[in-house]
1. Can you pull out every residue in segment 445-464 that is in contact (Cβ under 8 Å) with a residue 40 or more places away in the chain and either outside any helix (DSSP H, G or I) or in contact with a helix residue (DSSP H, G or I) (Cβ under 8 Å, 6 or more places away or on another chain) (or both)?
2. Among the residues of segment 58-78, are any touching a Ser or Thr at 6+ places or on another chain (Cβ under 6 Å) and either in contact (Cβ under 8 Å) with a residue 60 or more places away in the chain or in a helix (DSSP H, G or I) (or both)?
3. If you scan segment 221-261, which residues turn out to be part of a strand (DSSP E or B) and among the acidic types (Asp, Glu)?
4. Among the residues of segment 156-189, write down those that are of a type in the set (A, V, I, L, M, F, W, C), within 27 Å of residue 299 (Cα to Cα) and either touching a residue at least 24 places away in the same chain (Cβ under 8 Å) or surrounded by 23 or more Cβ atoms within 10 Å (Cβ to Cβ) (or both).
5. What is the residue count in segment 303-318 for residues that are in a loop (DSSP other than H, G, I, E, B) and not basic (Lys, Arg)?
6. So, in segment 481-497, of the ones that are modelled with pLDDT of 95 or more and surrounded by 19 or more Cβ atoms within 10 Å (Cβ to Cβ), which residue ends up nearest to residue 366 (Cα to Cα)?
7. Can you say whether residue 264 is surrounded by fewer than 19 Cβ atoms within 10 Å (Cβ to Cβ), of a type in the set (Asp, Glu), over 30 Å from residue 202 (Cα atoms) and modelled with pLDDT of 95 or more, as far as the supplied structure shows?
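The values are calculated or read from the model by the stated rules, or taken from the named source; none is laboratory data. These numbers come from a predicted model, not from an experiment. Note that we place each Cβ from the backbone using ideal geometry, even for glycine, and neighbour counts take in every protein chain shown.
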Amino acid sequence: MFKDRQYKILLFFGTIGMLLAGRAFQLQVLDDTFRIQAEAVAMSKQMLYPARGGILDRNRKLLTTNAPVYDLKVIYNQVNPDMDTLKFCGLLGITRESFEKRMGVDFKSIHYRRHLPFVFMKKVKPEVYARFQESNYEFPGFFAQIRNIRNYPVSNAAHLLGYIEEVKKDKIGKDGYVLGDYIGATGLEKFYEKELRGKKGCEYVLKDNLGRNVGSFAEGAKDTLPQAGLDLITTIDIDLQAYAEELMKNKIGGVVAIEPKTGEILAFASSPTYDPGKMVIGPERGKIFAQMQKDPTKPWFNRALMADYPPGSTFKPVIALIGMETGVITPHSGLSCPGFFVNASNDIRKCRHHPYPATPGIALQWSCNTYFFDTFRKIIDQYGYYESERGLDTLVSYLHSFGFGRKLGIDFPGEKSGNIPTSAIFNKIYPRKKGGWRSPTIVSLGIGQGEIQLTTLQMANMAATIANKGYYYIPHFVKGFLQGDEQLPAPEKYRKGVIVPIDPAYFYPVVEGMAQVVAAGTARSVNIADIAIAGKTGTVQNRQGKDHSTFVGFAPKNSPRIAIAVYVENAGGGGRFAAPIASLIMEKYIRGEISPQRKYLETRMLETNLIEEVD
């Protein structure tokens with residue numbers, strides 16, 4: 001029995017020994033996995049960058065593309081000190097001094113470690129990298145990381161698109177950003193960074209003592225693939241955008257065009273502008289950036305969204321609507337205009353000579369200052385002459401409902417709120433102990449002058465609200481996203497109407513009055529026979545130079561497809577430049593071309609240069 005047990009023990013250990021020997025034979029002779037891992041002296045985690053989502057116009061035309069570049073990275077501890085530096089520099093086209101500077105990073109910084117990769121040379125062109133790659137094995141510690149930078153197949157919409165840049169220090173370590181990553185810096189690139197950037201992947205690679213890849217770690221079990229960013233389908237019509245920019249060339253100002261029934265922005269132009277291709281990441285970008293910053297016309301400044309302007313007479317339709325809603329006037333209220341307005345303090349304000357404004361619509365047709373000074377005064381004094389604060393605050397609440405004096409919530413960075421002065425503001429400007437203020441003090445607000453400030457976007461949204469007869473959609477650029485072949489919708493908030501507290505019935509006389517502005521009033525020179533336009537001109541007083549020219553409107557009048565605001569600085573009356581530019585943009589969008597009989601107007605707008613040299 002003892003011998004049987006002994007044989008069993010010997011048999012057990014003999015079997016185990018044979019299994020181990022067989023496994024050893026497999027590993028050492030048949031399978032080289034462990035040999036490779038034994039040769040490896042380091043495991044490198046290499047980031048795989050996703051393709052950035054594209055930006056398209058409403059008709060799926062590409063506004064941005066991606067171009068491959070290579071970042072040459074280095075692990076300091078793996079660099080051969082006896083490497084042929086002269087050959088290395090020659091392959092990359094750099095000097096020995098540049099080599100030493102790039103290698104001499106501050107390892108005391110939290111961003112650099114001798115055993116971790118850092119960027120040695122950014123944005124190596126494909127042809128340069130191809131030349132270097134042939135000899136890469138001679139330079140252990142150096143390896144390439146493929147990246148994508150933006151290219152721009154169109155030369156328009158620079159302010160809209162924005163640009164990307166290297167992530168700044170305050171973002172490193174947040175949301176997965178690391179040193180050398182690219183991030184949206186301005187425009188849609190910034191606002192939709194989360195959707196456009198995609199998700200990084202990574203692969204774990206085993207390297208030998210010469211820095212060469214000798215295999216993947218754990219057969220790629222821990223590797224992850226990058227996920228491309230979503231493509232952004234915008235609401236912009238790039239052909240209309242290009243036309244608006246061309247009309248605004250050599251002028252200072254902004255254009256915003258909106259589809260009233262959706263709030264989708266069709267054109268968004270700021271002038272002067274620049275070619276977005278100038279902001280492609282490369283060695284020349286910093287120089288170009290500095291030059292544009294010094295330009296006195298400020299091509300960087302987005303006048304469509306960030307410039308606060310007095311709206312001038314384009315504000316009068318809103319005063320008429322609020323006047324009717326508060327009951328201080330009716331759709332049939334007339335007022336005799338002697339060519340001027342005299343308020344309670346005997347302050348005389350000028351008006352022009354024109355036919356009798358028998359209704360708010362006729363007052364709009366001829367832009368009667370007296371009518372709207374008087375309507376404004378009645379709104380402020382509706383609770384009594386000494387209840388100006390209450391009257392103004394009532395007016396302000398209506399103006400806020402139109403989106404004035406606050407941000408509309410557009411999907412774009414840097415939106416300004418404009419300025420709608422409240423009673424609290426005037427109480428500070430005119431303290432009671434010094435006499436305070438009453439309706440005569442602030443009557444200039446009634447014609448869009450004084451302290452009131454609006455953005456071009458807000459004025460375009462006002463036109464859309466009137467076109468819809470009492471509601472608007474938050475203006476926006478996102479039409480949807482593409483995820484593969486699937487289109488994802490725009491956020492729901494952009495698909496909900498915002499109603500203003502004005503009886504829809506009061507919009508009809510205002511719309512008719514605005515139609516007469518173009519048909520036979522202050523903008524009759526831009527009337528189009530077969531396209532009914534409703535609009536309002538504005539000539540904004542400017543104490544520092546020529547008056548500003550502005551226009552708001554929509555077309556066709558009875559079934560609006562486009563609402564627009566145009567603001568041209570130092571261009572004189574609203575009918576001189578803003579109205580013609582707006583009418584051409586509307587005709588181009590509706591008809592697809594400019595009629596032969598209006599080609600002269602197009603030529604005049606294209607050829608006029610209103611930018612004076614600035615010392």
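1. Across segment 445-464, the qualifying residues are 445, 446, 447, 448, 449, 450, 452, 453, 454, 455, 459, 462.
2. Checked segment 58-78: at least one residue is touching a Ser or Thr at 6+ places or on another chain (Cβ under 6 Å) and either in contact (Cβ under 8 Å) with a residue 60 or more places away in the chain or in a helix (DSSP H, G or I) (or both).
3. Residues satisfying the conditions are 231, 259.
4. Of everything in segment 156-189, those that are of a type in the set (A, V, I, L, M, F, W, C), within 27 Å of residue 299 (Cα to Cα) and either touching a residue at least 24 places away in the same chain (Cβ under 8 Å) or surrounded by 23 or more Cβ atoms within 10 Å (Cβ to Cβ) (or both) turn out to be 157, 158, 160, 161, 164, 188.
5. Going through segment 303-318 one residue at a time, the tally reaches 7.
6. 494
7. On the way: surrounded by fewer than 19 Cβ atoms within 10 Å (Cβ to Cβ): no; of a type in the set (Asp, Glu): yes; over 30 Å from residue 202 (Cα atoms): yes; modelled with pLDDT of 95 or more: yes.
So residue 264 does not fit the description; no.
Okay, residues lined up against (1) surrounded by 12 or more Cβ atoms within 10 Å (Cβ to Cβ); (2) hydroxyl-bearing (Ser, Thr, Tyr); (3) at pLDDT below 85:
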| site | (1), (2), (3) |
| --- | --- |
| 23 | no, no, yes |
| 29 | no, no, yes |
| 32 | yes, no, yes |
| 35 | yes, no, yes |
| 44 | yes, yes, yes |
| 52 | yes, no, no |
| 55 | yes, no, no |
| 59 | no, no, no |
| 64 | yes, yes, no |
